[in-house]
Amino acid sequence: MPTHPTLIASTLQLGMGAIPHSTGTTFRVWAPHAEEVNVTGTFNGWSNKSHPLRPEADGYWATDVAGVKPGDEYRFLICNNGQELSKNDPYAREVTHSAGNSVVPDHDFDWEDDHFEMPPWNTLVIYEIHVGTFNAPDPDKPGTFYNVIEKLDYLRELGINALEIMPPTEFPGSRSWGYNPSHPFAIETDYGGAKALKQLIKEAHRHGIAVILDVVYNHFGPGDLDLWQFDGWQENDGAVSTSTTTGGPKRPGATTAPTTADPRCVNISATTL
C-alpha cells in the first residue's frame with residue numbers, strides 16, 4: 001500500500017463524490033478492490049500522482065484538495081493488480097458529456113420564495129413529457145429545460161397540475177428516451193444540466209405545477225459506462241449477457257460495457273423539491 005499524506009480531518013467533508021466547500025473540495029469514492037486511488041484534473045494539470053486519496057474504512061477513499069472549485073474537471077485513477085483505470089466519479093453531479101470528465105458541482109441556486117406544496121395525490125393531473133422533443137425549435141438539436149419553461153403557460157391552460165419528466169440523467173449521445181443512463185446523479189448536458197432543471201422546477205412551481213421525475217435505477221448502459229468494473233473487480237471471468245437496451249449513438253471514443261440487467265426497465269416516479 002503506498003504512503004499517503006495525513007489528511008486534516010477538519011477539512012474533510014461528509015458525503016460522496018466531489019463536495020466543494022469554502023477552501024477547496026473533498027473527493028470521496030468507494031473502490032473496495034483498489035490498491036491505490038488518485039484524483040486528477042484541471043486543477044493539477046491532470047497529474048497522475050499529485051493528489052492521492054487515503055483509504056478509509058469499508059473500501060472508501062478520500063482526500064481534500066485546497067483551491068479546487070466548482071467547474072473544475074476531474075477523474076479518478078484507480079490502481080488494481082497492475083491496471084491503472086481512469087474513471088469518472090460514480091457520484092458526479094455534472095459531467096462535460098457522457099464520455100467526458102466529471103465536474104465539481106456548483107450547488108448555489110436562488111430558489112427565491114419557492115414554498116410550493118405538492119397537490120394531494122388524488123387530485124394530480126399529470127402531463128408526461130420527453131424534454132428533447134416536447135419543444136425543440138432547432139430540428140438539429142434536442143429541446144432543453146428552458147424550452148419547456150416557454151410552454152408552461154400552455155400547460156397550465158390545459159388544466160394540468162403536475163409535469164412528469166422522462167428520465168433526465170446523463171445518457172450516451174444527445175437523443176434518447178433516457179432509459180439507458182450512464183451517470184445516475186448527473187443531469188443530461190444537452191438538456192441544459194442541473195441548473196436548467198432547477199430553473200424549470202422553480203418556474204413550474206410559480207405556475208402551480210408540481211414536477212415529478214421518471215427515474216431508472218435497475219439497470220445502466222450499455223454505453224459510456226464507467227461504472228462497469230469500476231475498480232477492476234469482476235466475476236465469472238467477465239462473461240455477461242448482451243443487453244438489448246438502446247439509446248442513440250455513443251460519444252466519440254466511448255466504450256461499450258455489457259450489462260447483465262434485464263433490458264426491460266421498471267419506472268419509479270419520485271417527487272422532487
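The values are calculated or read from the model by the stated rules, or taken from the named source; none is laboratory data. Here the structure is a predicted model, which means the values were calculated and not measured. Because the Cβ atoms are built from the backbone with ideal geometry, glycine has one as well, and the counts that use them run over all protein chains shown. We work out accessible area using only protein heavy atoms, side chains counted, and drop any ligands, DNA or RNA first. Shrake-Rupley method; radii C 1.70, N 1.55, O 1.52, S 1.80 Å.
Averaging sequence separations of C-alpha pairs under 8 Å and six or more residues apart, then dividing by the length of the stretch 118-183, give the relative contact order as a whole percent.
So the answer I get is 34 percent.
Just flag the trypsin sites (Lys or Arg not before Pro) in the stretch 25-120 sitting in loop per DSSP whose Cβ has no more than 12 other Cβ atoms within 10 Å.
Taking the stretch 25-120 and a limit of 12 other Cβ atoms within 10 Å, the loop trypsin sites (Lys or Arg not before Pro) found are Lys49.
For the stretch 15-93, what ratio Rg/Rh do Cα atoms give with a Kirkwood hydrodynamic radius?
Value, to two decimals: 0.93.
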Worksheet item: Nearest 20 debye, what's the magnitude of the dipole of the stretch 74-182 about its Cα centre given +1 on Lys and Arg Cβ and -1 on Asp and Glu Cβ?
Response: 640 debye
Worksheet item: Residue separation times 0.36 nm, minus the C-alpha to C-alpha distance between His115 and Gln83: what's the value?
Response: 6.5 nm
Worksheet item: Under the definition of Cα pairs under 8 Å and six or more residues apart, what whole-number percent is the relative contact order of the stretch 10-98?
Response: 30 percent
Worksheet entry | Mean shadow area of the stretch 1-151, taken as a quarter of the surface of its Cα convex hull (nm²) | 13.7 nm²
Worksheet item: For the stretch 45-134, what is the Kirkwood hydrodynamic radius in Å, using each pair of distinct C-alpha atoms?
Response: 17.4 Å
Worksheet item: So what J values fall out for the stretch 150-163 if you push phi through Karplus, 6.51 cos²θ - 1.76 cosθ + 1.60 with θ = phi - 60°, rounded to Hz, Gly and Pro as x?
Response: 4, 9, 5, 4, 4, 5, 5, 5, 5, x, 7, 9, 8, 10
Worksheet entry | For Leu158, solvent-accessible area (1.4 Å; no DNA, RNA or ligand), Å² | 90 Å²
Worksheet entry | Calculated FRET value between Glu150 and Leu227, using beta carbons and R₀ = 35 Å, to 0.05 | 0.50
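Take the solvent-accessible surface of the protein heavy atoms, probe 1.4 Å, and return the percent of it on the stretch 143-195 that carbon and sulfur atoms account for.
Exposed carbon and sulfur together represent 54 percent of the surface.
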Response to the item:
With all protein chains present and a 1.4 Å probe, the order of Tyr217, Tyr191, Tyr179, Tyr146 from largest accessible area down is Tyr217, Tyr146, Tyr179, Tyr191
Discussion item. How far apart, in nanometres, would the label points at Thr96 and Val125 be if each is projected 7 angstrom from Cα along the Cα-to-Cβ direction?
Written reply: 4.6 nm
